[in-house]
Structures are given as structure tokens and as C-alpha cells.
Ligand SMILES: Nc1ncnc2c1ncn2[C@@H]1O[C@H](COP(=O)(O)OP(=O)(O)OP(=O)(O)O)[C@@H](O)[C@H]1O
Ligand SMILES: [Mg+2]
């Protein structure tokens, strides 16, 4: 157990400035924008955890993996789920090992209590030996404790923390505030090296104010058109630059539709690869429609996408005025003060009831953003990121404190 004070062991990845963060990540295939790079730079220097919130597939998990590559640190990952408890997050006593040891030492244990006149004194004698069995030898460390006990500096990824229960959040609080973990039988473990902690959330439930306060909070959204194009280029999909540019425009258009699951960056990359493999020479409505299932994963979404695609490649294309099963325009519910959180379920396939399945469905819901943010779906110059976009997505699901 380390008793060294944190101050003595502060270290960081050696990022000279924000531009250096962007460069180092780019070398490892992750294209960060200025805002994200600034957050990483601050994390390294302030030793604060990063809390990344945002829709699926925008590179939240990948950021932690890339940070591990950039810094050469080991990545420890805690994948959160409903009903998770401390034994899978923090530590548990290795019961099997304890039992094995007691069995193997049966004779020794027998000898120990042989002289005891009655059961009570035998129990007392055994209790005196308890610390042998509740020692580090029998402690099974899970990712949180492992990150604290590690001899080497590590990256700790607490992935999809919104899926875990609030009890686990409380456990995280001690860790994030003090970089220490208490094991009642053993005492307090303090971090030898402050881990870089990255928490991710899809915002399926509001996280506690206390947790947010301890973190550098960043809302990670779909990239602007230029950066998404850069990401596609960097993945060497084989699609020509011109077609990739058009494809990014189409995907951004799809993200504006009221889809249950908006296409993510990795799906744009998959689509580009698919089109390249098929040898597409231009992006026609037919080519796109034939391959749209690469990016649109629900039947109803596919129907909507197929209706919208002709107009995306040719604004003059004739499409029905009234789209079936599309009772509200895109603007509905965005920036009107409606609840953009779980209650979204009522727009989508009649989901109701706040059970775990709904939470997971809600995770897949698309945009919490207005048209001003995503643009019109045609490729234009890169847009500046509007201030306060993260605040907008949390505004309606505040806790009472
Ligand atoms: N900035 C980026 N630079 C390069 N690749 C990226 C970037 N952002 C996302 N990607 C690509 O998108 C993929 C999906 O990202 P990732 O798995 O990190 O998404 P996520 O935000 O964690 O999604 P989820 O909420 O579903 O877990 C990555 O594996 C990576 O290939
Ligand atoms: Mg992820």
C-alpha cells in the first residue's frame, strides 16, 4: 500500500500545449478538435477526471483507448451495467481461495483450536487469526482498486457510467475526489500515481451534481463536416475524396431525420468502405439506398432514410409531401423546453415505463440538437461549435438539488 503523498508523485503525459495534444492524438489515429484537446490538456495538468457525454459512436470510448496509446499507460476499463455492485467495480474477497487455504490447512487449524475447552473459546482463537484471511493475498482487486494500487501510471476508463446505479456513483466519488479507496479490513489505499480517469455517459439518466463537480465535463457531439471528412480520410476507406465529402453531407442529412438511431462516425466509415468496395463512382440515390442498411439499423429508420435520400443527392427530386409514420417535423422537441431525456420514448415505438430496456433504448435515441447545430445536411464550411450546447441537453432533467 502506498503512503506517499499525491504531490510527490504528480506526473502528466508531457503535452506541451493544446496543439501538441491534437498532434499526438492524430499520430495515433484520433482526430480531436480544439475543445476536446483542451480538456485532455487540462486533465493532464489539473489531474481531474474527464466526464464525456454524448450520443453513441462519437469517439468517447476511443478517446480513452487513444489516450492510453499516446501516453503509453495501461488501460483499465470498468464497463458499467445496471445492478452492478462494488464486487465487480472495486474489490471482493476471494472466497474460493480463502476456502482452499483453510481446507489445505485443516490440520493446522485443528491444532490451533485443539486446546480450546469449548466452542466459544475455539471461535475466539480463530477470530484472532482472521487478519490472515483478510489480507491483500485474498483480495481480488477490480478495475477501480487496481487503478489505485497500480505500480505504474494507468488510464482508468469508467465506460457508460449512466448505466450503473447511483450507489456505484457514490463509490466513484471517494475515488475521484481523493484518488483513494478504503478497504475496512486493510485500511486506505492511496494512488501511487494519479490515474487519468475518463468517464463516459450516453446521458440515459442524469448523473449526480457531485460527480459532475469533480470532473472536467465535456459534451462530445458529432464532428463538424470537415473533421468527419478528415476522420474518413484517416481510416483509408478507399473512397475518393469527392465522394467521401458528399457522403459526409448525406450522413449529416440523415442525422437530422427523426431516426431512432442516428448514424455515428463509425457508420460513416463503414458506409465509405462499402461504397469503395462496390466501386461506386458517383453517389446516386440508388447506390445510397442499396447500401443504406450499413448505417441505418432499424426498419422504420430505413424507411425514413429511403424517403429522404433522393432529395439529399438531388434537391429537386420529387418525394411525397407527407411522409407516413412521421407525425412531427424535425424541429419538434428541440429547443422548445421539452424533456429531451428518457421521456423521448413516447416518440418512438410507444415505449413507456422506466425499465432498463427503455433506458437502453433511450441510449440509442438521436439528436438533442437543433438545426442550427447540424446545418441543413448539405456540405458547407465547418461550423463553429455553439456555446452551451451541453447545457441544453441536461436542462430539463435536473435533480432536485
Ligand atoms: N475523433 C475521432 N478520430 C478517429 N476516429 C474516431 C473519432 N471519433 C470516433 N471515431 C471512430 O468511431 C468509432 C466509435 O467510437 P467509440 O466507440 O469511441 O464511440 P462511443 O462514443 O464510445 O459510442 P458508444 O456511446 O456507443 O459507446 C471509433 O472506434 C473510431 O474508429
Ligand atoms: Mg463507448
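A few remarks follow.
- When peptides 78-91, 48-61 are ranked by their average number of other Cβ atoms within 10 Å per residue, the highest-first order is 48-61, 78-91.
- Separation of alpha-carbon centers, the stretch 36-112 and the stretch 184-198, rounded to whole Å: 11
- Spin-label pair residue 276/residue 46, simplified geometry with 7 Å Cα→Cβ offset, distance in nm: 3.9
- Each peptide in 247-260, 277-290 gets a packing score, the mean of other Cβ atoms within 10 Å over its residues, and the list from highest to lowest is 247-260, 277-290.
- Computed FRET value (nearest 0.05) for residue 86 with residue 209, which takes r as the C-beta separation and R₀ as 30 Å: 0.85
- For the peptides 190-201, 222-233, the ranking by mean Cβ contacts within 10 Å, running from highest to lowest, is 190-201, 222-233.
- Between residue 106 and residue 35, the modelled label-to-label distance comes to 6.5 nm, taking each label 7 Å out from Cα in the direction of the beta carbon.
- Model label points for residue 165 and residue 97, set 7 angstrom from Cα along the Cα-to-Cβ axis, are 2.7 nm apart.
- Orientation-averaged projection of the stretch 32-79 equals 3.7 nm² [convex hull of Cα atoms, one quarter of hull surface area].
- Relative frequency of Cα-Cα separations exceeding 20 Å in the stretch 139-228, percent: 41
- Here, the stretch 94-185 has an Rg and a Dmax of 18.8, 56 Å when only alpha carbons are counted.
- With Cα atoms as the point set, the stretch 39-147 shows a radius of gyration and Dmax of 22.4, 68 Å.
Throughout, read-outs are computed from the coordinates displayed, never taken from laboratory work. Since we're looking at a predicted model, the values are computed, not measured. Backbone-built Cβ (ideal geometry, glycine too); neighbour counts: all protein chains shown.
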